[in-house]
1. Could you go through region 431-447 and let me know if any residue there is of a type in the set (Asp, Glu) and not assigned by TED's automatic domain parsing to the domain that holds residue 404.
2. Quick test for you: out of 432, 476, pick the one residue that is of a type in the set (Gly, Ala, Ser) and assigned to a helix (DSSP H, G or I).
3. Considering only region 134-188, state which residues are on the phi > 0 side of the Ramachandran plot and not in a loop (DSSP other than H, G, I, E, B).
4. Only one residue in 182, 163, 188 is surrounded by 15 or more Cβ atoms within 10 Å (Cβ to Cβ) and within 21 Å of the chain's Cα centre (by Cα). Which one?
5. Given the condition farther than 30 Å from residue 216 by Cα and either among the hydrophobic types (A, V, I, L, M, F, W, C) or in the same structural domain as residue 298 (by TED's automatic domain parsing) (or both), answer yes or no: does some residue in region 150-159 qualify?
6. If a residue has to be under 29 Å from residue 586 (Cβ atoms), surrounded by fewer than 21 Cβ atoms within 10 Å (Cβ to Cβ) and not hydrophobic (A, V, I, L, M, F, W, C) to count, how many in region 143-160 make the cut?
7. Using beta carbons and a limit of 6 Å, which pairs, at least six apart or on different chains, have the first residue in region 535-563 and over 19 Å from residue 592 (Cβ atoms) and the second one among the hydroxyl-bearing types (Ser, Thr, Tyr) and not in a loop (DSSP other than H, G, I, E, B)?
Amino acid sequence: MRLPMLLVAAAALAIAAGCSDDEAAPVEVEAETAVETPIAELQESEDAIMNEMELNDRIKVNQVGYVPGETNRAMLAGEGGGDVFRVIDTATGETVLEGELSQPVMDEDAGETVREMDLSGVTKFGEYRIEVEEVGYSHPFRIAADVYERVFMEVTRSYTLGRSGVAIEDPVTGLSHPGGHRQDAEARLDPDFPDQAADEPIDVSGGWYDAGDYGKYITPAATTVAQLLLSYELYPEAYQSLELHIPEGLADPAQAAWPDVLEEVKFELDWMLKMQREDGAVYHKLSGMQWPGMIRPDQDTQPRYLFGMSTYGTAMYAGALAIAARVYVPFDEAYASELLASAEAAQQYLERHPDPRFVKTARQDAGSGGYEKSGDRGERYWAAAELLKTTGEARYAELLETMLATQAAGQVETIGWASGLSLGHFALATAAGAPEQHQATARRLLVEEARSIVARSEADGYRYALQSEQYTWASAKNGMALAQLLLLADQLEPQTANRAVALEQLHYTLGRNTLGTTYVTGAGHVMPRNPHHRIMVSTGAYVPGLVVGGPNRYGGDPAIDRVLQEQAPPPAKAYLDIVDSYSTNEYAIDYNAPLVFVLAGLAR
């Protein structure tokens with residue numbers, strides 16, 4: 001496994017904040033709290049290589065690499081430099097391609113001009129770097145048909161390493177910790193929960209930790225599971241050889257013949273099933289009443305409670321389990337039936353309670369994220385469309401025709417914990433027996449949104465489709481969610497531009513951006529080294545395959561808030577690779593999901 005190069009804290013922060021080394025100094029102190037990783041010994045040798053190569057970080061490349069036969073580009077940021085670039089084979093030192101840079105384009109979100117270099121003429125498998133006259137060299141990158149296989153495996157495998165309630169002894173990463181939160185097997189209902197007795201313990205053990213904290217939440221769980229399973233449903237060939245190297249003792253022998261991704265997702269589904277109440281509604285989340293420090297899971301021994309209930313979360317649950325019921329039929333019919341029955345019970349609760357409801361108590365968010373939103377129409381729409389697609393029952397078509405008819409004409413939104421609308425559009429567009437008028441509308445909305453994404457990408461200096469106001473919490477996830485929408489639209493109306501622009505978003509995420517960093521741990525040469533992640537900090541192990549939040553122009557933690565106030569970086573540079581910046585540098589399960597989807601969809 002190729003291990004990542006360490007970032008030099010002051011330089012990395014200066015680049016991230018768009019400032020000089022002196023200006024970055026106050027933030028560097030916070031970087032000292034970051035976890036030391038086993039890769040530290042590589043720093044000196046990597047630095048020596050980079051100095052020898054006259055590395056210039058103005059040259060931006062996808063640091064993981066490119067697939068031959070695509071339109072592949074690198075970028076040169078800022079003013080100055082010659083007009084000619086060369087692609088050099090690192091093994092032979094030979095120039096394999098020479099070309100001219102494009103005219104500069106101003107990228108307002110990055111606050112700099114950008115020039116393009118077309119690498120498409122290089123189709124031979126190998127490792128290369130770019131030389132730009134009067135500038136220097138880029139980081140090396142690969143060109144190969146399988147160039148994304150490792151990151152695909154690591155991003156998907158990260159769910160295994162985030163399992164709750166089990167001891168982890170991972171020979172691949174060295175991650176080791178005892179099983180944590182065993183108390184989840186005897187969790188208690190929030191004592192402030194209205195209209196429900198809180199005296200009996202409830203077994204809600206298992207599942208994945210949601211993010212850098214130890215909470216477990218239904219809404220991100222449901223949308224994550226939905227995206228992973230929809231990805232498998234649409235691109236099963238991408239998973240045929242995907243080996244997640246599930247550590248010994250965690251793999252289920254009864255599932256040995258299953259695709260690894262389905263075995264892993266079942267671990268989360270089993271937890272989700274435990275979160276359903278007898279009336280069909282689903283609890284909102286599971287956590288303690290205090291935020292734990294940067295400690296191992298087994299060291300967080302505080303009591304754990306079930307908090308809240310929402311109709312939008314219950315609807316997301318129904319939609320996700322309806323997909324799961326389809327996917328697991330060939331592997332375990334009884335399990336698929338259980339999933340469908342649970343989804344239908346959730347749907348029946350929604351039909352008995354047509355108004356939005358969100359239960360929140362005074363102490364509910366004292367030790368965990370809120371995941372609160374208003375409204376539930378998009379999620380109800382998704383649930384009904386998914387159940388129609390799974391069962392073919394006319395009553396779901398009738399429901400879509402009447403109560404949810406107006407929602408079928410709603411806008412397209414990026415998929416995430418706060419919106420199941422676009423999943424509803426795709427389910428409706430592909431469901432047999434769907435009302436034809438609404439099905440046509442859903443298809444049109446997705447196709448038109450894809451055209452809009454393509455147009456934004458083509459007008460942007462870095463060919464990134466994210467709009468300026470979208471550099472918010474989870475911007476890196478949102479960028480991949482746009483690529484995901486392109487691939488969904490391509491299922492309905494194939495267009496060459498859909499795949500091409502989806503690749504442009506991937507290139508940005510994997511290093512071809514203004515900061516010259518990937519937003520995935522372990523991917524490339526410059527990547528998040530210090531994510532806000534309790535397991536990494538407490539164990540000292542470096543976990544690859546975690547997508548972090550990315551630039552956040554609106555802030556949300558003291559570290560990035562100070563940078564925004566004092567230095568006012570452009571939106572795309574509002575990022576810090578330090579543990580304390582949880583609004584830019586924290587991982588979450590739903591951040592990984594669209595990247596898994598896109599990597600599967602772009603696999604050949």
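1. Checked against the condition, which is being of a type in the set (Asp, Glu) and not assigned by TED's automatic domain parsing to the domain that holds residue 404, region 431-447 yields no hits at all.
2. Details: 432 fails: assigned to a helix (DSSP H, G or I).
Only one candidate passes the filter, namely 476.
3. 136
4. Going through 182, 163, 188 in turn, just one is surrounded by 15 or more Cβ atoms within 10 Å (Cβ to Cβ) and within 21 Å of the chain's Cα centre (by Cα): 163.
5. Step one: of region 150-159, the residues farther than 30 Å from residue 216 by Cα are none.
No: region 150-159 contains no residue that is farther than 30 Å from residue 216 by Cα and either among the hydrophobic types (A, V, I, L, M, F, W, C) or in the same structural domain as residue 298 (by TED's automatic domain parsing) (or both).
6. 2
7. Short answer, once both residue conditions are applied: 556/583; 557/582; 557/583; 560/583; 560/584.
Results for (1) within 16 Å of residue 349 (Cα to Cα); (2) among the aliphatic types (A, V, I, L, M), shown as yes or no for each residue.
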| residue | (1), (2) |
| --- | --- |
| 366 | no, yes |
| 370 | no, no |
| 376 | yes, no |
| 387 | yes, yes |
| 392 | no, no |
| 395 | yes, no |
| 406 | no, no |
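The values are calculated or read from the model by the stated rules, or taken from the named source; none is laboratory data. Here the structure is a predicted model, which is why all the values come from computation and not from measurement. Neighbour counts are summed over all protein chains in view; Cβ atoms, including those assigned to glycine, are modelled from backbone coordinates with ideal geometry.
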